[in-house]
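Report on the following structure.
The values are calculated or read from the model by the stated rules, or taken from the named source; none is laboratory data. From a predicted model like this one, the values you see are computed outputs, not experimental measurements. Here the Cβ positions follow ideal geometry from the backbone for every residue, glycine too, while neighbour counts run over all protein chains shown. The protein model used for the area step is the full one, side chains on, heavy atoms only, and it has no ligands, DNA or RNA in it. Shrake-Rupley method; radii C 1.70, N 1.55, O 1.52, S 1.80 Å.
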There are 2 protein chains.
Amino acid sequence: METIPLRAASIGAQVHQQLRDAIVRTELKPGTALSEAEIAARYEISRQPVREAFIRLAQEYLVEIRPQRGTFVRRIVVSEVLDARFVREAIEVAVAREAASRADAAGIARLQSAVAAQGLARNNAEFLAADEAMHREIAVIAGREAAWRVVDQVKAQMDRMRYLSYQDVSPTDRLISQHRSIVEAIAAHDAERAEAAVREHMADILQQLPQLAQRYPEMFEGA
Amino acid sequence: METIPLRAASIGAQVHQQLRDAIVRTELKPGTALSEAEIAARYEISRQPVREAFIRLAQEYLVEIRPQRGTFVRRIVVSEVLDARFVREAIEVAVAREAASRADAAGIARLQSAVAAQGLARNNAEFLAADEAMHREIAVIAGREAAWRVVDQVKAQMDRMRYLSYQDVSPTDRLISQHRSIVEAIAAHDAERAEAAVREHMADILQQLPQLAQRYPEMFEGA
DNA sequence: TCTTCTATACTACCATACAAGTACCGATTG
DNA sequence: CAATCGGTACTTGTATGGTAGTATAGAAGA
């Protein structure tokens, strides 16, 4: 048995990953100017890998490259967040329905423990991680991990908004109880109820959007 | 009134666009080896923009970059085509329902003429272009152009398969009549019927997939 | 004949240098 | 004082050279 060396990812890919995380968690605030040279200096690498990371990020709508001017973390656009929710809801509803019809005992157990883990999260970031893990698990059960990849990309815009509410004002209890409803519906192999539960959940996630847009106007696009 | 200069896209972006088209139309066949140097020479540019185009294509799952080995047009994977269809159906159903509830007279007229145009297509490529135009128009009517961008990216895998059937064996008549059903449902503001029509349509699009996989085994992945 | 080694010709990756465009600050001029 | 011009310090875009890893063909050896 040979251990596959697990090729180290290219520098460009690593930089992309790190910047992406920082942007999604709003450690890099919307509107911030990035610079190939500055980041290259910080990591002690050349500009080229950084540039390639920027290209990847631009394709994900996380930064905007303005030629000869600069590269900027894109501001949050309310309409884009709503569009992301629309797409995510459409996909996740379909995924949840399939999960409801295909879930076995082991999968249901994994879902239940995933929900339980959410109650233990002690801050917003931990909760969001547990949240994401559960949604992904539903996709796995449905045999639609590929669909999750699409959701994962689309929901980045939503996540930026959610990370802004770092105070635990967010009603995590309500979200958890919604998660519980979804899991129960899947466990009962009830596609209709699963769909309804997912839709209700999606409607709630963006509850704070208007307040946040008002509170951090410099991070949002428009007037 | 000043004419905006319309900045020329960077070379890298242009190369990306051209290669993407060629791949989706299967002019560049699945499995083909690409080469930074070779393409750079053909366009008489340097390797760097070509490399950046490769990175963009890799992120769209159209090519696979194998470090120090080469870059290859990804072979068509049947399961990925089916996954693409799943995601596309989920989104387009939601879009069609919204279109049904919001369509006005002008939009309906545009849809009807789009369907009419499909009957005039004289080859597979023309038909597919008209097909795409109509689906996009539905998204416009629904006010969900952003959702269409996601569909557009996901459906590239499906399109490669469809372009393979360049002989007019494909039952375009049937597809057109399905399109007509979708338009009628939207015109009647009947979301339920629109959803059903879209689902039926999506089921039909991949009808030829098994035959194509058997006919062009070198373009498909797996045994 | 079959296997193994070696030279060679690729590949993508990274660093560096240069080019071209933009923003801004300050001096100069009306 | 206001407006304009010009230099400077940025920015991203492109070209090129060098590096390390991979595949392959052919020679040498068993």
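Quick notes on this structure:
- Residue check for A:Ala96: facing chain B (nearest Cβ under 10 Å) and either assigned to a helix (DSSP H, G or I) or within 16 Å of DNA strand D (Cβ to nearest atom) (or both): no
- Tabulated pairs, the range A:20-32, first part of a loop (DSSP other than H, G, I, E, B) and among the aliphatic types (A, V, I, L, M), second open to solvent by less than 50 Å² (accessible area, probe 1.4 Å) and modelled with pLDDT of 95 or more, C-beta under 8 angstrom, 6+ apart or interchain: A:Leu28/A:Leu19; A:Leu28/A:Ala22; A:Leu28/A:Leu34; A:Leu28/A:Val73
- Which numbered condition B:Ile45 misses (of (1) open to solvent by 80 Å² or more (accessible area, probe 1.4 Å); (2) over 30 Å from A:Arg85 (Cα atoms); (3) not in a helix (DSSP H, G or I)): (1)
- Residues of the range B:56-75 satisfying the condition of being out of contact with any Leu (no Cβ under 7 Å at 6 or more places or on another chain) and within 7 Å of DNA strand C (Cβ to nearest atom): B:Ile65, B:Arg66, B:Pro67, B:Gln68, B:Arg69, B:Gly70
- Within the range A:205-216, the set of residues being open to solvent by less than 80 Å² (accessible area, probe 1.4 Å) and over 12 Å from A:Leu82 (Cα atoms) comprises A:Gln208, A:Leu212, A:Ala213, A:Tyr216.
- Filtered residue count, the range A:71-93, keeping only those that are open to solvent by less than 20 Å² (accessible area, probe 1.4 Å) and within 16 Å of DNA strand D (Cβ to nearest atom): 2
- Extreme residue, farthest from A:Met158 (Cα to Cα), among residues of the range A:56-76 that are in a loop (DSSP other than H, G, I, E, B) and more than 10 Å from chain B (Cβ to nearest Cβ): A:Arg69
- A:Arg122 meets each of the listed conditions (1) in a helix (DSSP H, G or I); (2) open to solvent by 50 Å² or more (accessible area, probe 1.4 Å) apart from (1).
- Contact annotation: residue pairs with Cβ atoms under 6 Å, 6 or more positions apart or on different chains, pairing a residue in the range B:1-15 that is within 18 Å of B:Ser46 (Cα to Cα) with a partner that is in a loop (DSSP other than H, G, I, E, B) and at pLDDT 85 or above, are B:Ile11/B:Ile45.
- Residue that is nearest to the other protein chains (Cβ to nearest Cβ) [pool: residues in the range A:32-49 that are closer than 19 Å to B:Glu52 by Cα and near DNA strand C (Cβ under 8 Å from one of its atoms)]: A:Gln48
- Options A:Glu44, A:Glu27; residue that is on the phi > 0 side of the Ramachandran plot, among the charged types (D, E, K, R) and away from DNA strand D (no atom under 14 Å from the Cβ): A:Glu44
- Only one of the listed residues (A:Glu52, A:Glu89) is within 10 Å of chain B (Cβ to nearest Cβ), acidic (Asp, Glu) and within 16 Å of DNA strand C (Cβ to nearest atom). That residue is A:Glu52.
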